[in-house]
Every structure is written in C-alpha cells, then in structure tokens.
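What follows is a short report on a single structure.
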Amino acid sequence: MTQACITWAPNMPHGTKAAVVGAKGVSSGALGRSKEASLTTVSDDALLDRIAANDEAAFRLLVERHIDRAYGLALRIMNNRADAEDIVQETLLKIWTHRGQWEGGRAKFSTWLYRVVTNRCIDIKRRPRNEDIEQVPDVADDKPLAIAEIERHEVNSLLEAAMARLPDQQRIALIFSYNENLNNSEIAEVMQTSVAAVESLLKRGRQKLRELLRRSEKDIRGSFTDD
C-alpha cells in the first residue's frame, strides 16, 4: 500500500501544519502521543468535534488515519507523486483551517475526503501545464530483474498507461471500484451522481480499458514480429 509521510510542525500558523513529503510511512512526533493513544477508537466525527476545539492531537490522528488512502487515490488519478502530495496536503490542511465548519451526520468524513481530493485532481489535470523536472521519468535501475518481476512490471505499466487514457470520470469510477473497493452507491455519493450513472461509467470504462489493452497487446506482438 502506498504511504505518505507527515512531518509535524505544531508552531506553524494556525497552531499546526501537516506536510506530505514522501512515501515512506507516517511519523508523528512525541507531542501528545499519549493523548493520541486514548483517541484511537474515537470516531471521525468525534475527532472533528475535538478539532473544532483546537485539539491538535485529534487532528494528527485523523490525518494519520486517512492520509495513506487519500494519497493513494490522488497518485492513481494524477500519476505524479509531487502533484499527489500537494493535493493531499492542501486538502488535509483545510480540515484544520476550516475547523468548526464540519456538519456531522450529512456525510461520512471519508466520503467528503475522497470527493475533495478527486475534484482537486480533476481541476489540476484540466489546467495547461509545461513539462517540469518533476515530470521527468525516473532513471531505470540497471540491476537485473527476475523474468516474473519484469513481466509484472510490464503488465502494470500497460494497465497504468491504459487507465491514463480513459476519460476522467470513467477512470475515477474504476479507481474507486477496483482500488478503493467502494460499492456503486458509495461511488455515486463521492462523485455526486446517481448509481445508474456510476454503472454506466464503469461499464464504458471497462469496455474502453479492454479495447486499449488489446491494442497494446497487438503492438507488443508486432514489435517482436516486424523485421
């Protein structure tokens, strides 16, 4: 599972700040650690109530509870670590800077989080942008790989490339279904649409994905047979 790392800076403006800086695991500082342990079984809504009262430990725990899945979602949509980190950091900071505005009972916190991250990803993907250094592909590792690992890497690369060519709404619906294990009703709630619309997005997305993968398979075969 992809993980995002948080560095904690409680003396920043507004009393606290979380910064996503990598994909190595979550780190939370000694401050308030014993208090956090007592909050581990508290619901998200209860944590949000505590956050509204400026409880930094509650905020830290809520972030640690959800950051990995939020980062994984953003990374799958954006296919860019730097963008995913920025989006998740921005979204999570909103929880603190807008503390006290959460209305419990209207939606699950995770649903709200998925929705905000998804919408932010779509906004950024629609912006024109120039190539920058962070978009340059990683240099390939020259260490020999086992055949099975190479094949698995090729399959994953083909799937990622095909997913990237799907329309945004189809790709996001498939990500929620396959990667986040949400049912159609939950996907509809996050995407703010009907279950019927989600079913249509999934159906068309799967069809397009199969078409793209078949085309890629033919291209690969052709590369080995062409003189």
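The values are calculated or read from the model by the stated rules, or taken from the named source; none is laboratory data. Since this is a predicted model, take the numbers as computed values, not measurements. No Cβ is skipped: glycine too gets one built from the backbone with ideal geometry, and neighbour counts run over all protein chains shown.
Remark: Asp83 falls outside the filter, which requires a residue to be assigned to a helix (DSSP H, G or I), under 21 Å from the mean Cα position of the chain (by Cα) and in contact (Cβ under 8 Å) with a residue 60 or more places away in the chain. Just one of the listed residues (Val117, Val88, Val139, Val63) is hydrophobic (A, V, I, L, M, F, W, C) and modelled with pLDDT under 90, and it is Val139.
Which of the residues spanning region 87-102 are closer than 14 Å to Arg60 by Cα and of a type outside the set (Val, Ile, Thr)? Listed by number, the residues that qualify are Gln89, Leu92, Leu93, Lys94, Trp96, Arg99. State whether one or more residues within region 106-116 are among the β-branched types (Val, Ile, Thr) and either closer than 14 Å to Asp68 by Cα or not assigned by TED's automatic domain parsing to the domain that holds Asn54 (or both). No, the conditions are met nowhere in region 106-116. Restricting Ser177, Ser185, Ser216, Ser200 to residues that are in a helix (DSSP H, G or I) and at pLDDT below 90 narrows the list to Ser216. Could you list all residues from region 75-113 that are surrounded by 22 or more Cβ atoms within 10 Å (Cβ to Cβ) and under 17 Å from Asn181 (Cβ atoms)? Correct list: Arg76, Ile77, Leu113.
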